[in-house]
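Chemist: Take a look at the following structure, please.
Read-outs: derived from the displayed coordinates by stated rules, not from any lab. Everything numeric here is computed off the predicted structure, so don't read it as measured data. Positions of Cβ are generated from backbone atoms using ideal geometry, with glycine treated the same way; all protein chains shown enter the neighbour counts.
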Amino acid sequence: MSDIKKTSSQNPDPHYWQSFEELYNSKEFIELNQNEFKEGVSENIDAGGMSALSRRKFLALLGASAAIAGTSCTDYRDKGEIVPYNKKPEEILPGRPNYYASTCMQCENACGILVRTREGRPIKLDGNLDHPVSKGKICAQGQASIMGLYDPDRLKNPKKKLDTRLIDINWKTADEEIYFELINSGGSEIAIITNKIVSPTTKEVLDQFIEIYPSAKVYSYEPINNEVRNSAWEKCYGDGEYPAIKWNEAKVILSLDSDFLGSSNNKIETARLYAEGRDVMNKNFSRLYTVEGNLSVTGMNSDYRFRLRPDLQMNFILALTSELNKRGAGISLDTFGMDLKNFADENALKLETIDHLVNDLISNKGKAILHAGDHLPEDVHVAINTINHALGNDVLYNNKYVMNSVQPLRTFEEIQLLTSRMKNGDVAVAIHINTNPVYDLPGDFGYTEALKSVGSAISFVEVENETSSVSNYVLPINNQLESWGDAKTRSGFYSMQQPVISPLYDTRQTESILLTWMDGDPAFYNDKVYHSFLIKNWEQKIYPSLNHKLDFNRFWNGALHDGIVITNEKGKGIGSFNVNVAQNIKTPNSVDGFSLQLKESYAVRDGRFANNGWLQELPHPVSKIVWDNYAAISPTSANELGLNSNDLIEVTNGNSSLKIPVMIQPGAADDTITIELGYGRTNGGTVGTGIGFNSFSLFTSKSGLTPFLYSGVNVKKNGGTYKLVTSQTIYAFNEGITKDLPEKRKIIQEGTVNQYSKDPSFIKHENHYSDLTVYPPIEYKGVKWGMAIDMNKCLGCGECVVACNVENNIPVVGKEQVDEGRDMHWLRVDRYYTGAPEEPKVSNQVLICQHCDNAPCENVCPVVATTHSPDGLNQMVYNRCVGTRYCSNNCPYKVRRFNYFNYRDYFKDGYQESPVFALLQNPEVTVRSRGVMEKCTFCVQRISDARAEATKENRELKGSDVKTACQEACGTNAIQFGDINNEKEEFHKYRNHELGYYVLEEINIKPNVTYIARLRNTHSEES
Amino acid sequence: MNRKNFFTKFSLAVLGLTLIKIRPVKFSRGKSVTDSSPVKIKVNKLAVKREKAGVKNV
């Protein structure tokens, strides 16, 4: 070492050095060594300028902040205690559901329902299989109506108007004050405004009310009704109402703006019967032609479709008649010189298809039916009835269960007269029973103004509405599930209604309130008053006519048990046709401007379901738009006006106008605007208020062909836009990258009836894929669950979606979240267009979790939160899920749903977290919280239940023991579910049907949902 | 810090946190829908129950 030092005494020291400054001991290096810190770090330290907060204090503050934050942010909500029954109610077995038969009274159809209750509270409504008309099915509104019972917006006690506010009062005060008004009405009218009355006992109450108050009059009305059709029927056949139709026996159906598969009027029976005529199992296919102004559910399912503005329907019918008569049909109808070929040329109707239509009608006499929409003028219905009669199609009218009206509806003219009398001060008391005339009557009636001249306006409602907000008294009534009743909609049977739960709040049944006012003493009321009246009415008036072998008490309990009473009543049959009726048909007018049609909403109907989040969020079956209505317009008309979707337009009809966003609807007729009713409510509850645009404002009594159809309407671009949210991205179809995509990827596979009859396996020939896989084969012993969906029967209506929402506690997320693609429906109905935008063909497909055998989602979960069960289900373990969303990323069907928020808390500031809303939830299904993935489970709770039952009964579980919620709800029985391994089951035929295919089969993930290809019943192999 | 001082301060802290949770936090949160009193369910004893599918009585 010293040698090295000596050697380098003149030279730089040969120790380890890092820089030349160090090696040569430069001045800078020595200074750096002396100053430990860089310049500026340790100098100029101003102790006075530093914070007085010491490290200790800082840590103390940090700890305190954490403690406060933890205290504030914790929200331990006491959910109450689970206490076993001390005295268990006899009816309840904890953990086991009870079923009660009843009747859905949400509309005039009065379908039979079976109410499922758990621990005393109803949780699900399904159809009653014993009901001769609905046969175990109910509509989407019926399914969703369970939400109405637990609606936090329900009124809890009576209210009275003081100045501009509504103050709480008790029933005694309400009864006394209103009774005083009634007995002091003198000769002035007491108007009772109701919906269509279907209950004979309610009619009896009203009749007795009128006996006690002779100036009382009942005004039954429905804003959307079939009175025009019935009026035409009466002119043609003498009396009665338009009958039900045997759609299953019709070989050819011509629908003229009649959305018989989508609209509410008898839709349940119609859809079921129509589907029976589209049965791949029996190779039984009807042919459906539609002529319509806007694409509807019926139009989507048609084999041939014509676009025609609805105010030209009469012209079309006359032109068709002239052609039919040339072929010897002998229809006595003045066609005013109309010619079908000329008409087709003028209105761009394909002649070849028109020819097919005429040929089909002629060759299927007695097996065809022409059906016109409710909103078309009376002359159209008279003409249609005339044609049906001449072609011998009246054999398809159902004589067995004839339509029955307990109380006829009032016409709009009669309601208008009532309004005039109100304005003149001739009406002392107006009682609105669950109606909303301020919202849904034509604006030119001036009903709101007229109500101010009424001495006392009373509203019976469950939830406040526009009419109750201008009423003097608002009285809360029982929900349908808290009410007694009966219904008679057709000859041959009665439908019974019983309450499955006692009233949740201080509400009363409508009839009980009226009975109390008839007595005069508020103390008369008790919660059994209407029940006693109902029993007495049945015992004295209805039961004797039945000639029943059981004594009344046993009969009564049996009637409540079954929900239905079948009678020996025979329908009186269809009368004879008045051959001269068609002479009164007027010459059709020419048309100009735009045609406007106002239609009932598929979701909220006439607005009565506006406060139901499930229905608001249900995608429109055609446009897939949620949470809004819009003006549907054709691509050509939009182009002429320079419009894009979401642009605001102003629609002017006479003195009324409405600004509304436009949606370019493929398949809509040119110069036609179609707007759905039921939106734009100003007092529709927390959910329903301020949604959409009030198209009732365009409803006038003066200027239309009918109140729902107008000609010569002015449409202009208003400037500005409004975002409409669709649950399906509107792809530019048949352009660029998406051209023929569903066809190329074989997502949609279709054919024609001709193709099928020539080669039943044509679908299988086109699907040959390798089944090479790296996974070892798994043998499923015992039951293996699978599903088959018949696309011939699927209408795309969405009832399955609502049923799944109710069964599986799906939260409502709101418009903004749907816009982000975060809707939570486990089930979706994809709608595809093919062909030109003006004349598209439409295909629907229900997509759910396919429960793939080689599920791509299962491999990628880092925490094994999604697994595969021994019976073939793809399972989801919510409490393992950490929310990576890798599974959703990997799912090719995109059927997984992620809880980006706790939507119960998020939507409308915790509206769905209300204690009463929580009662709605199905206790058999986990309520998912934020950060967790969810998807269709094939109703595993129902599978578990069935397995437990089978074990208890010491037998094997069968596939037919389980019906999923969607299967149960589907009105056409398009969904089949069962055991793939059991060859003896009915399901096996669907699973292995020659038309069956799997979506994205080529990627070999082995999905377990079979789709049965749709067949269009066209004349030749047209694509 | 001596023992007495420690426990005094600790107790004051717990009391303070509890009071904060009771008053200011609830006040600032506003009326929650969950604060409404729960609804009582009462079975209607006059209703007649049945099996989901099966024998009819009438």
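Chemist: Sort the stretch A:227-396 into rounded, prolate or oblate with this rule: let a ≥ b ≥ c be the square roots of the eigenvalues of the Cα gyration tensor; rounded if a/c is under 1.5, and if a/c is not under 1.5, prolate when a/b is larger than b/c, oblate otherwise.
Modeler: Working: a/c = 1.35, a/b = 1.15, b/c = 1.17.
Taking the square roots of the gyration eigenvalues as a ≥ b ≥ c, the stretch A:227-396 is rounded.
Chemist: Right, next: Exposure proxy check: A:I354, A:I68 ranked by fewest other beta carbons within 10 Å? Could the numbers behind the result be given before it?
Modeler: Values: A:I354 21, A:I68 15.
So the ranking, lowest neighbour count to highest, is A:I68, A:I354.
Chemist: Using label points projected 7 Å from each Cα along Cα→Cβ, tell me how many nm separate A:N754 and A:E539, to one decimal.
Modeler: Taking the simple label geometry, A:N754 and A:E539 are separated by 6.8 nm.
Chemist: Is there a simple number for the mean count of other chain Cβ atoms within 10 Å of the Cβ of residues in A:548-557, and what is it?
Modeler: Numbers: counts 1, 0, 2, 0, 0, 0, 2, 2, 2, 3.
Mean inter-chain Cβ contacts per residue within 10 Å come to 1.
Chemist: Next up: What share of all Cα pairs of the stretch A:592-726, in percent, falls into each consecutive 5 Å distance bin?
Modeler: It works out to 2, 11, 22, 24, 21, 13, 5, 1, 0, in whole percents.
Chemist: Something else now. Given H placed on each backbone N at 1.01 Å, which residues far from A:N902 in sequence or on other chains put an amide H within less than 5 Å of it?
Modeler: Here the answer is A:R930, since their amide H atoms fall under 5 Å of that of A:N902.
Chemist: Enumerate the calculated ³J(HN,Hα) couplings along the stretch A:556-565 in order (Karplus 6.51 cos²θ - 1.76 cosθ + 1.60, θ = phi - 60°), each rounded to whole Hz, writing x wherever the residue is Gly or Pro.
Modeler: Running phi through 6.51 cos²θ - 1.76 cosθ + 1.60 with θ = phi - 60° gives 5, 4, x, 5, 5, 4, 7, x, 9, 10 Hz.
Chemist: Just the number, please: percent antiparallel of the DSSP beta bridges in the stretch A:227-396, rounded to the nearest 5. Intermediate values should be presented prior to the final figure.
Modeler: Values: 2 of 16 bridges.
The antiparallel fraction comes to roughly 10 percent.
Chemist: Sticking with this structure for a sec: Would you kindly state how much longer the chain becomes between A:N644 and A:K952 on full extension, computed as 0.36 nm times their sequence separation minus their alpha carbon distance, in nm to one decimal? If you can, show how the numbers build up before the last one.
Modeler: Values: separation 308, 0.36 × 308 = 110.88 nm, distance 6.16 nm.
Gain on extension, A:N644 to A:K952, equals 104.7 nm.
Chemist: Among DSSP beta bridges lying fully in the protein assembly as shown, give the percent that are antiparallel, nearest 5.
Modeler: On the way: 70 of 120 bridges.
Expressed as a percentage, antiparallel bridges in the protein assembly as shown total about 60.
Chemist: Which of the lysines could be linked to B:K21 by a straight reach, that is with a Cα gap under 27 Å, when you skip same-chain ones fewer than 8 residues away?
Modeler: Result set, ordered by chain and number: A:K57, A:K79, A:K908, B:K4, B:K9, B:K31.
Chemist: Let a ≥ b ≥ c be the square roots of the eigenvalues of the Cα gyration tensor of the stretch A:963-1023; is it rounded (a/c under 1.5), or, if not, prolate (a/b larger than b/c) or oblate? The partial results should precede the final answer.
Modeler: Numbers: a/c = 1.83, a/b = 1.29, b/c = 1.41.
Cα axes put the stretch A:963-1023 in the oblate bin.
Chemist: Write down the Å³ per residue value for the convex hull defined by the alpha carbon atoms of the stretch A:359-454.
Modeler: Considering the Cα atoms of the stretch A:359-454, their hull volume per residue is 145 Å³.
Chemist: What is the stretch A:592-726's relative contact order, in percent, from Cα pairs under 8 angstrom and six or more apart in sequence?
Modeler: Details: 320 pairs, mean separation 50.8, N = 135.
Rounded, it is 38 percent for the stretch A:592-726.
Chemist: Something else about it: Order these peptides, A:998-1006, A:791-799, A:811-819, by their mean beta-carbon neighbour count within 10 angstrom, highest first.
Modeler: Working: A:998-1006: 17.0, A:791-799: 24.0, A:811-819: 20.1.
Sorting A:998-1006, A:791-799, A:811-819 by mean packing, highest first, produces A:791-799, A:811-819, A:998-1006.
Chemist: Cα to Cα, under 18 Å, and not fewer than 8 places away if on the same chain: which lysines meet these conditions relative to A:K528?
Modeler: Reachable lysines: A:K172, A:K536, B:K42, B:K45.
Chemist: Give the value in nm², to one decimal: projected area of the alpha carbon convex hull of the stretch A:864-1023, averaged over all directions.
Modeler: On the way: hull surface 55.8 nm².
Mean orientational projected area (the stretch A:864-1023, Cα hull): 14.0 nm².
Chemist: Any idea what the relative contact order of chain A is, in percent, if you count C-alpha pairs under 8 Å spaced at least 6 apart?
Modeler: With pairs under 8 Å counted, the relative contact order is 13 percent.
Chemist: In addition: How much length is gained if the chain between A:T411 and A:I30 is pulled fully straight, taking 0.36 nm per residue apart and subtracting their Cα-Cα distance, in nm to one decimal? Could the numbers behind the result be given before it?
Modeler: Numbers: separation 381, 0.36 × 381 = 137.16 nm, distance 10.85 nm.
Between A:T411 and A:I30, full extension yields 126.3 nm more.
Chemist: Quick one: which residues, 5 or more positions from A:V133 or on another chain, have an amide H under 5 Å from its amide H? H modelled 1.01 Å from N in the peptide plane, none for Pro or chain starts.
Modeler: For A:V133, no residues qualify.
Chemist: Taking H placed 1.01 Å from N in the peptide plane, check which residues at least 5 places from A:R681 or on another chain put their amide H under 5 Å from its amide H.
Modeler: A:G690, A:I691
Chemist: In whole Å, largest first, what are the principal axis extents of the Cα atoms in the stretch A:232-329?
Modeler: Principal-axis extents of the Cα atoms in the stretch A:232-329, largest first: 38, 33, 30 Å.
Chemist: Partner chain Cβ atoms within 10 Å, averaged over the residues of A:495-503 - can you pull that number for me? Working shown, then result.
Modeler: Numbers: counts 0, 2, 0, 5, 4, 4, 5, 8, 2.
Shielding by partners across A:495-503 averages 3.
Chemist: Holding the Cα-Cα limit at 31 Å, pick out from A:K156/B:K49; A:K135/A:K570; A:K326/A:K793; A:K365/A:K624; A:K570/A:K963 the pairs that are longer than that. Provide the component values of the computation, followed by the final result.
Modeler: Working: A:K156/B:K49 27 Å; A:K135/A:K570 20 Å; A:K326/A:K793 36 Å; A:K365/A:K624 38 Å; A:K570/A:K963 35 Å.
Table pairs above 31 Å Cα-Cα are A:K326/A:K793; A:K365/A:K624; A:K570/A:K963.
Chemist: Hey, what number do you get for chain A at 222 nm if only DSSP H runs of n ≥ 4 count, each worth -39500 (n - 2.57), divided across all residues, to the nearest 500?
Modeler: Values: 37 runs with 285 residues, N = 1023.
So the calculated ellipticity at 222 nm is -7500 deg cm²/dmol.
Chemist: A further question on this structure: Where a ≥ b ≥ c are the square roots of the eigenvalues of the C-alpha gyration tensor, would you call the stretch A:276-331 rounded, which needs a/c under 1.5, or, failing that, prolate if a/b is larger than b/c, or oblate? It would help to have the intermediate numbers written out before the result.
Modeler: Working: a/c = 4.06, a/b = 1.35, b/c = 3.01.
It is oblate, given that a/c is not under 1.5 and a/b is not larger than b/c.
Chemist: Shifting gears a bit: Over chain A, what number does the Rg to Rh ratio reach, with both radii from the alpha-carbon atoms and Rh per Kirkwood?
Modeler: That ratio is 1.07, to two decimals.
Chemist: Now for a different question. Residue by residue through A:358-369, how many Cβ atoms from other chains fall within 10 Å of the Cβ on average? It would help to have the intermediate numbers written out before the result.
Modeler: On the way: counts 0, 0, 0, 0, 0, 0, 0, 0, 0, 0, 0, 0.
The shielding value for this peptide is 0.
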